[in-house]
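Participant: Here's a structure for you.
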Amino acid sequence: TGEDIAAMVESLLQTRYRTLIAVDDALLRRQLATLLSIRWPLMIVAEAVNMTEALERAAALTPDLVLLDLGLPKIRVFERIRDIREASAQARLIGLTSDGMSALRARATDLGVDYFVPLDPAGYTELVSLVGALQQAPAPH
């Protein structure tokens, strides 16, 4: 029946791994979405172009994973981490960083970032390994 099909679709969607990419840079955001979608075709991948959209999508999607660009001025980065953690308490947060951001890591960790991945080609390999491992483990939050 139609209700049975709807229930099966809903069940399938609830068991799929949900990822939110909160990255301002359009090219980087698209690269990350493509990388995840190719590697895990059944993964739900949502993109947010700004923090307002990220918070809306986090509330609607209840993601398992959030990729968060930490390349903003310190105060904005800390606000962004706190806001996304409040909107997605259940999610693992991966902070996407550049080389010069090591000083921010302790504070970012205190605010809820679980992992850090560099924004370079080697970071993509690290991201794929990390996301694969995270899908196998229950969320800590």
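The values are calculated or read from the model by the stated rules, or taken from the named source; none is laboratory data. Nothing here was measured: the structure is a model prediction, and the numbers come from that model. Backbone-built Cβ (ideal geometry, glycine too); neighbour counts: all protein chains shown. Each accessible area value is taken on the protein alone, full model and side chains, heavy atoms only, with ligands, DNA and RNA left out. Shrake-Rupley method; radii C 1.70, N 1.55, O 1.52, S 1.80 Å.
Participant: Of everything in the stretch 55-77, what is assigned to a helix (DSSP H, G or I) and either open to solvent by 60 Å² or more (accessible area, probe 1.4 Å) or out of contact with any helix residue (DSSP H, G or I) (no Cβ under 6 Å at 6 or more places or on another chain) (or both)? Give them in sequence order. If you could, list the steps in order and put the result at the bottom.
Facilitator: Pass one, the stretch 55-77, residues assigned to a helix (DSSP H, G or I): 55-61, 74-77.
Matches in the stretch 55-77: E56, R57, A59, A60, L61, K74, I75, R76, V77.
Participant: Which count do you get for residues in the stretch 20-29 that are open to solvent by less than 50 Å² (accessible area, probe 1.4 Å) and either at positive phi or part of a helix (DSSP H, G or I) (or both)? Don't jump to the end; show me each part of the working.
Facilitator: Initial filter on the stretch 20-29 (open to solvent by less than 50 Å² (accessible area, probe 1.4 Å)): 20-23, 28-29.
Of the ones still in play, those that are also either at positive phi or part of a helix (DSSP H, G or I) (or both) are 28-29.
Residues that pass the stated criteria total 2.
Participant: OK, next. Taking the criterion of being open to solvent by 40 Å² or more (accessible area, probe 1.4 Å), within 14 Å of the chain's Cα centre (by Cα) and at pLDDT 90 or above, would at least one residue in the stretch 108-117 satisfy it?
Facilitator: As a first pass, look at the stretch 108-117 and keep what is open to solvent by 40 Å² or more (accessible area, probe 1.4 Å): 109-110, 114-115.
Imposing the further condition that a residue be within 14 Å of the chain's Cα centre (by Cα) reduces the set to 114-115.
Next cut, at pLDDT 90 or above only: 114-115.
Among the residues of the stretch 108-117, at least one is open to solvent by 40 Å² or more (accessible area, probe 1.4 Å), within 14 Å of the chain's Cα centre (by Cα) and at pLDDT 90 or above, which makes the answer yes.
Participant: So G95 clears everything in (1) at pLDDT 90 or above; (2) outside any helix (DSSP H, G or I); (3) over 20 Å from R80 (Cα atoms) except one condition, right? Which one?
Facilitator: Looking at each condition in turn, G95 falls short on (3).
Participant: While we're on this one: Run V131 past the list (1) in a helix (DSSP H, G or I); (2) more than 17 Å from R16 (Cβ to Cβ); (3) open to solvent by less than 50 Å² (accessible area, probe 1.4 Å); (4) in contact with a strand residue (DSSP E or B) (Cβ under 7 Å, 6 or more places away or on another chain) and report the number of the one that doesn't hold.
Facilitator: (2)
Participant: Restricting to the stretch 30-54, count the residues that are in a helix (DSSP H, G or I), free of Cβ contacts under 8 Å to residues at least 40 places away in the same chain and open to solvent by less than 20 Å² (accessible area, probe 1.4 Å).
Facilitator: Counting residues in the stretch 30-54 that are in a helix (DSSP H, G or I), free of Cβ contacts under 8 Å to residues at least 40 places away in the same chain and open to solvent by less than 20 Å² (accessible area, probe 1.4 Å) gives 2.
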